[in-house]
Amino acid sequence: MGFLEDVESLYKARPYPEVGIFSAFLQKVAPDNLILLNYLSGFASCYGNLGQANKNPKILVAGCGTFEPVAVAMANPNSEIWAVDLSETSLQKLRWQLRARGLLGRVKLWKGDFQKLPENNFDYVIATGVLHHLEDPEKGLQALIERTAVNPVFRFMIYSKWGRSLLYGAKEMAEVLKIKDPSQFRKFIDRLPADHPYRIYFYLYSDAKNDTGLADGYLHPCDSPFSALDLESMLIRNGLFTGSFLHRHEGQPKFAEEICVFDEKQNDWQKIALLDALGQLEENFCFFAGVKPSANKVANHWIWNPILPKRGNYFSKLLGRYVAFDQSKPWQEQENIRDLQKSFFLLPEIQ
Ligand SMILES: C[S@@+](CC[C@H](N)C(=O)[O-])C[C@H]1O[C@@H](n2cnc3c(N)ncnc32)[C@H](O)[C@@H]1O
């Protein structure tokens, strides 16, 4: 079989992520995750203000799996969503998740290779955990770029070579031993000494708790992770620039500045490379990207992210702390205004 067929057959047999029939009723999506999936948050992060943002964005979720479009639909109420995947079984499970939540009418499902999708003009492209599973990730990136409208927003999650190195070591051993199924893999791991780094990492790797996640991580037929600087080069070669990193506080460029001294020529990706080498990134690079803005005007007015309720106190992953908000008071009177802006609870506009 070729790469694509191998990947398809993995996810046909083991649709990812694992979802149960009842998870449509039980599984909660953290409010902060919705903010970080919201198109306007991405647009603000890439283009500095919402002036040119589309009020009804067209969204592509490439390699969507069994659940992600549910969260995307919740995070983007006025949008048209295309959910694309190679795996028919993943799409069947997704269809049930969407129907159970009353979201099926808003999401079009398409089975196949997203690189051949006969649809374009997307304002927002989400590719979580998919580019590194292609035979040629750069061609995949180009296929996504070709399908976008003006001022597109991209949201990528891409595997890190360093962040997952203890996984790749064990994965390579499993290949040598011709281990093909999760139960054999668990036995192999449990034969390692209790303090072996591969074994410790395996039990810390939350996806490995179920066979689907284990196979997705350790038994994948096509997995090409990136270093931070190689990934940055690929983005630049293809005319993309990075908006915000969506890592936790300890994986943000600002955090790198707290622990090391950089000269002014060193950019955010170099800071991310350092954090990656220190193991601060939760195994992946996750970020918004766009094309170079023609003029990055400074915002003079802020609006509430439309998916927030009137008031609340939500944990912001980017800041690593709770951020309280109360929309009954104007934005200028909020005491924690910088936090509200940095967490995308407030979004920049020009009046
Ligand atoms: C690791 S899963 C991620 C699923 C989802 N994005 C998430 O984060 O939960 C990768 C998914 O991408 C799909 N996939 C891989 N290559 C693809 C391609 N060329 N076209 C469409 N889907 C693809 C797989 O079938 C699988 O469902």
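We did not get these values from a lab; they are worked out from the coordinates using the rules stated. None of the values given here were measured: they were computed from a predicted structure. Here the Cβ is made from the backbone with ideal geometry for all residues, glycine too, and neighbour counts use every protein chain on show.
Table for the structure above
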read-out	value
Value of D in µm² per second that Stokes-Einstein yields for the chain, Kirkwood Rh from Cα pairs, at 25 °C (0.890 mPa s)	115
Residues residue 111 and residue 149, FRET efficiency given R0 of 30 Å [Cβ-Cβ distance, rounded to 0.05]	0.80
Estimated FRET transfer efficiency (residue 80, residue 336; beta-carbon r; R0 41 Å; 0.05)	0.75
Amide H partners (placed H, <5 Å) of residue 60, local residues excluded	82, 124, 125, 126
Full-extension gain in nm, residue 56 to residue 5, via 0.36 nm per residue minus C-alpha separation	14.9 nm
Neighbour-count ranking [beta-carbon atoms within 10 angstrom, fewest first] of 46, 64	46, 64
The chain - charge dipole about Cα centre, Lys and Arg +1 at Cβ, Asp and Glu -1, debye rounded to 20	960
Across 111/178; 161/209; 171/254; 111/317; 55/111; 187/209, pairs whose alpha-carbon gap is larger than 24 Å	111/178; 171/254; 111/317; 55/111
Around residue 59: net Lys/Arg minus Asp/Glu count, Cβ-Cβ under 9 Å	-1
Virtual spin-label span in nm between residue 99 and residue 180, 7 Å along Cα→Cβ	3.4
Label-zone membership for segment 110-126, site residue 220, 7 angstrom Cα→C-beta point, backbone N under 18 Å	113-115, 126
